[in-house]
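To keep things clear, I will list the structure first and then write my remarks on it.
All of the numbers you see were taken from the coordinates with simple rules; none came from a lab. Predicted model, so just to flag it, every value in this text is computed and none were measured. So basically every Cβ, Gly included, is an ideal-geometry build from the backbone, and we count neighbours across all protein chains shown.
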Amino acid sequence: MKDTLRAGLTFEHRFVIPKSKTVPALYPESSEFMAMPEVFATGYLVGFLEWACIKAINDHLDWPAEQTLGTHIDVSHEAATPPGLEVTAKVKLIEVSGRKLVFEVEAHDGVDLISRGRHERFVIDKQRFEAKVAGKRPTG
């Protein structure tokens with residue numbers, strides 16, 4: 001981690017929602033999801049907020065040797081967003097506690113505030129992390 005990784009960093013990230021990020025696309029194996037409305041899925045919203053946090057801090061890490069992984073998410077999903085609308089995430093790093101990072105996050109679709117909350121990430125050494133995960137992989 002560079003010494004520039006400090007609370008107060010902000011970032012804004014924009015993305016136009018395609019049909020591939022709607023509820024039916026979340027788990028095409030699920031007949032229940034397939035029957036639901038084509039609106040921005042909460043699962044993809046979470047990923048979009050994570051993406052914005054990653055982009056906010058990558059210049060402040062020894063990327064790609066250092067990376068961050070999400071460890072906690074506490075966000076609302078307050079309004080439906082159809083495909084074609086541009087969603088904007090605004091994130092602010094509010095706490096750096098060792099390798100733990102805490103962000104305030106929100107997203108807007110140009111019509112409504114669609115999400116707000118907090119997200120925690122943890123700085124990892126990618127090589128060490130992958131070695132540990134390799135030990136969990138099933139054999140055969």
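Residue count for the stretch 1-48 under the criterion of being of a type in the set (A, V, I, L, M), within 21 Å of ALA89 (Cβ to Cβ) and in a loop (DSSP other than H, G, I, E, B): the result is 6.
Looking across the stretch 34-54, the residues that are surrounded by 14 or more Cβ atoms within 10 Å (Cβ to Cβ) and farther than 17 Å from HIS77 by Cα come down to CYS53, ILE54. When ILE17, ILE57 are checked against the criterion of being surrounded by 13 or more Cβ atoms within 10 Å (Cβ to Cβ) and under 27 Å from ASP125 (Cα atoms), ILE57 stands alone in meeting it.
Do we find a residue being of a type outside the set (Lys, Arg), exposed (fewer than 13 other Cβ atoms within 10 Å of the Cβ) and under 26 Å from THR4 (Cβ atoms) anywhere in the stretch 113-127? Checked against the condition, which is being of a type outside the set (Lys, Arg), exposed (fewer than 13 other Cβ atoms within 10 Å of the Cβ) and under 26 Å from THR4 (Cβ atoms), the stretch 113-127 yields at least one hit. Residue check: is PRO28 touching a helix residue (DSSP H, G or I) at 6+ places or on another chain (Cβ under 9 Å) and free of Cβ contacts under 8 Å to residues at least 12 places away in the same chain? Taking the combined requirement at face value, the residue satisfies it.
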